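The values are calculated or read from the model by the stated rules, or taken from the named source; none is laboratory data. Please read all numbers here as calculations on a predicted model, not as lab measurements. Here the Cβ positions follow ideal geometry from the backbone for every residue, glycine too, while neighbour counts run over all protein chains shown. These accessible areas exclude ligands, DNA and RNA; they are computed on the full protein's heavy atoms, side chains included. Shrake-Rupley method; radii C 1.70, N 1.55, O 1.52, S 1.80 Å.
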Amino acid sequence: AHERAELLHEVARKIRARTDDLAAQLTREGGKPLLENRDEMGWSAACFDYYAELQRNTRGRVIPSVEPSQLAMVLKEPYGVVAAIVPWNYPILLMSWKVAPALAAGNTVIIKPSEMTPLSTLMFAEIFDHLPPGVVNIVTGYGATVGRELVVSRDTQMIAFTGSFATGREIARLAAERVKRTHLELGGKDAFIVAEDADLNVAV
């Protein structure tokens with residue numbers, strides 16, 4: 001856990017060192033303002049730092065035993081290979097929310113970014129290059145082909161997905177047939193309300 005924590009802190013350091021490059025790429029491919037994308041890099045780096053320390057400090061805990069002669073403990077064990085399927089709207093932050101805790105717990109990860117915003121995620125191959133080979137992998141392609149293959153593969157033990165209800169429902173069905181763990185965040189909507197006193201040019 002301590003070694004993993006240091007590796008995750010190094011991911012955070014690299015994100016902070018390359019914030020401008022990463023944010024510019026995200027702006028080019030996703031269209032959000034540069035300021036928002038810089039913030040996304042900051043939140044993503046903080047995510048890796050947070051899970052590094054959480055894992056370092058909570059490897060296990062002792063719980064009350066039924067018998068005085070017993071020792072009852074909760075220990076965290078990794079699942080194995082986690083497939084992280086990420087949407088286009090916050091591709092780096094949502095990737096970080098999936099990858100950081102998975103790595104902190106000792107899993108390996110396959111990241112599949114949205115086909116609409118893969119380039120900023122591919123830049124993370126260099127961010128992760130200090131990790132042992134094969135710990136983090138990035139594959140690109142369409143969800144119906146590449147994403148589906150990750151879901152049905154015998155080599156993935158957990159699927160972490162953010163996206164639509166329709167796709168999440170299909171992932172849940174395919175995962176249930178294989179008794180595979182899932183973490184699904186589905187159908188989020190970002191309402192944008194423009195009040196009468198707003199600067200319309202800025203809002204647009």
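Numerical summary
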item	result
Highest-first arrangement of 167-177, 193-203, 68-78, where packing means the average Cβ count within 10 Å	167-177, 68-78, 193-203
Accessible area of the stretch 19-60 divided out per residue, in Å², using a probe of 1.4 angstrom	51 Å²
Solvent exposure of the stretch 96-180 as accessible area per residue, Å², 1.4 Å probe	48 Å²
FRET efficiency, ALA1 to ASN201 (Cβ-Cβ, R0 45 Å, nearest 0.05)	0.35
Carbon plus sulfur fraction of accessible area for the chain, probe 1.4 Å, in percent	57 percent
Potential lengthening between MET116 and VAL74 on full extension [0.36 nm per residue; Cα-Cα distance subtracted]	11.0 nm
Tensor-based shape of the chain (alpha-carbon gyration tensor, a/c under 1.5 rounded, otherwise prolate or oblate)	prolate
For the chain: relative contact order, % (alpha-carbon pairs under 8 angstrom, 6 or more apart)	19 percent
In nm, spacing of pseudo-spin labels at ALA144 and SER164 (7 Å Cα→C-beta vector)	1.0 nm
Stretchable slack from ASP190 to VAL135, in nm (0.36 nm times residue separation minus alpha-carbon distance)	16.5 nm
Point-charge dipole on Cβ atoms (K/R +1, D/E -1) for the stretch 60-204, about Cα centre, debye to 20	680 debye
